[in-house]
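First the structure, in the form of structure tokens, and then the observations on it.
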Amino acid sequence: MRMMCVILMVVVLISGCASEQRMDSDATLDKVMDRVPTCGASLETINHVVETMENENGFTVIIAQDCEPEHGEGPQMRSTYTYTVTSDLVQLVDMKR
């Protein structure tokens, strides 16, 4: 009986460690949103996740950003950022204005 408990504890420990090393989409979005620049002075920044795609190395995330005047007057601007995310790197690969 003790041996079964020990084996069960080892299996749970190993499966828990493996899942912690693998990123999920929520952790990926947290990393990316920390890297998306803000619009600047007197502009409101609104970020939207357009797409999250998992690949063999991690994730590719596309963010659409709207920059609008705080008081509703003036031009609006939209930018699209594409990031690749691995367990240790967040890299901007494309930006369109």
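The values are calculated or read from the model by the stated rules, or taken from the named source; none is laboratory data. Computed from a predicted structure; not experimentally measured. Cβ: placed from backbone, ideal geometry, glycine included. Neighbour counts: every protein chain shown. Accessible surface is based on the protein model in full, side chains and every heavy atom, while ligands, DNA and RNA are left aside. Shrake-Rupley method; radii C 1.70, N 1.55, O 1.52, S 1.80 Å.
What FRET efficiency comes out for the pair Gln91/Leu43, r = Cβ-Cβ distance, R0 = 22 Å, nearest 0.05? List each step's numbers first, then the result.
Working: r = 25 Å, r/R0 = 1.15.
Efficiency computed from Cβ-Cβ geometry: 0.30.
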Under the Karplus relation 6.51 cos²θ - 1.76 cosθ + 1.60, θ = phi - 60°, what is the ordered set of whole-Hz ³J(HN,Hα) values for the stretch 54-67, x standing for Gly and Pro?
8, 10, 5, 9, x, 9, 10, 10, 10, 10, 9, 10, 9, 10
Quick one: Karplus J couplings for the stretch 29-36, per residue in order, coefficients 6.51, -1.76, 1.60, θ = phi - 60°, nearest Hz, x for Gly and Pro?
5, 4, 4, 5, 4, 5, 9, 5
Computed ³J(HN,Hα) along the stretch 84-97: with the Karplus parameters 6.51/-1.76/1.60, θ = phi - 60°, integer Hz and x for glycine or proline, the list is 9, 10, 10, 4, 10, 8, 10, 10, 6, 10, 7, 9, 10, 10
Tell me, what is the per residue accessible area of the stretch 49-97 in Å², probe radius 1.4 Å?
65
